[in-house]
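The values are calculated or read from the model by the stated rules, or taken from the named source; none is laboratory data. Note that the structure is predicted; figures quoted are calculated from it, not measured. As a convention, Cβ positions derive from the backbone with ideal geometry for all residues, glycine included, and neighbour counts pool all protein chains shown. In case anyone asks, the SASA skips ligands and DNA or RNA and just uses the protein heavy atoms, side chains included. Shrake-Rupley method; radii C 1.70, N 1.55, O 1.52, S 1.80 Å.
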Amino acid sequence: MDFVSDALFNGKRFRALTLIDTWTRECLAVHVDLSIKGERVVEVVQEVSRHRGVPARIQVDNGSEFISKALDLWAYQQGVTLDFSRPGRPTDNPFIESFNGSFRDECLNTHWFLSLDDAAEKIENWRVDYNDLRPHSSLENLAPSAFRARIAPTFRPSEAPS
């Protein structure tokens, strides 16, 4: 998980919480809002967990939303390890940093957002395209959803890389 910031057409800043599955490279969610606190991070992670299951580990930086009591309590209750990057070391979480670069280049830098709802809609459309259509060289040039579908019949959670 990580955050990306951008602005609406009028200069008003907004944030996007990005969540990816580092094995399938799927973007599980991009939540857009003016402000995102720890409690909202928990709500987003819970929603993703309802559909994908609770992860064993989540890699995050040391932002205030990720070191919040709300996320810490949720992780403890779910048995999830929060794996914190070293301060000032974005290379500790290279998958999300790479994803955020693609997100910025392919979506944020190519759209003009008229409102928060407009940003959320355009970003969600891009997320679906990223997961379902965009090939990834690290996935044998398959889109993430196609890669997940291919490995699903043979996948056992204990075999997933950590």
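For region 37-52, enumerate the residues that are touching a strand residue (DSSP E or B) at 6+ places or on another chain (Cβ under 9 Å) and either modelled with pLDDT of 95 or more or closer than 12 Å to Leu73 by Cα (or both). I'd like the intermediate steps shown before the answer.
Quick first cut of region 37-52, residues touching a strand residue (DSSP E or B) at 6+ places or on another chain (Cβ under 9 Å) only: 40-41, 43-45, 47-48, 51-52.
Listed by number, the residues that qualify are Arg40, Val41, Glu43, Val44, Val45, Glu47, Val48.
Among the residues of region 36-73, which ones are open to solvent by 80 Å² or more (accessible area, probe 1.4 Å) and polar (S, T, N, Q)?
Within region 36-73, just Ser64 meets the criteria.
Which ones in region 77-120 are open to solvent by 50 Å² or more (accessible area, probe 1.4 Å), under 29 Å from Gly53 (Cβ atoms) and touching a residue at least 12 places away in the same chain (Cβ under 8 Å)?
Answer for region 77-120, where residues must be open to solvent by 50 Å² or more (accessible area, probe 1.4 Å), under 29 Å from Gly53 (Cβ atoms) and touching a residue at least 12 places away in the same chain (Cβ under 8 Å): Gln78, Gly79, Thr81, Asp83, Phe84, Pro90, Phe95, Glu97, Arg104, Glu106.
Tally up the residues in region 60-111 that are in contact with a helix residue (DSSP H, G or I) (Cβ under 9 Å, 6 or more places away or on another chain) and in a loop (DSSP other than H, G, I, E, B), please.
The number of residues fulfilling the criteria is 11.
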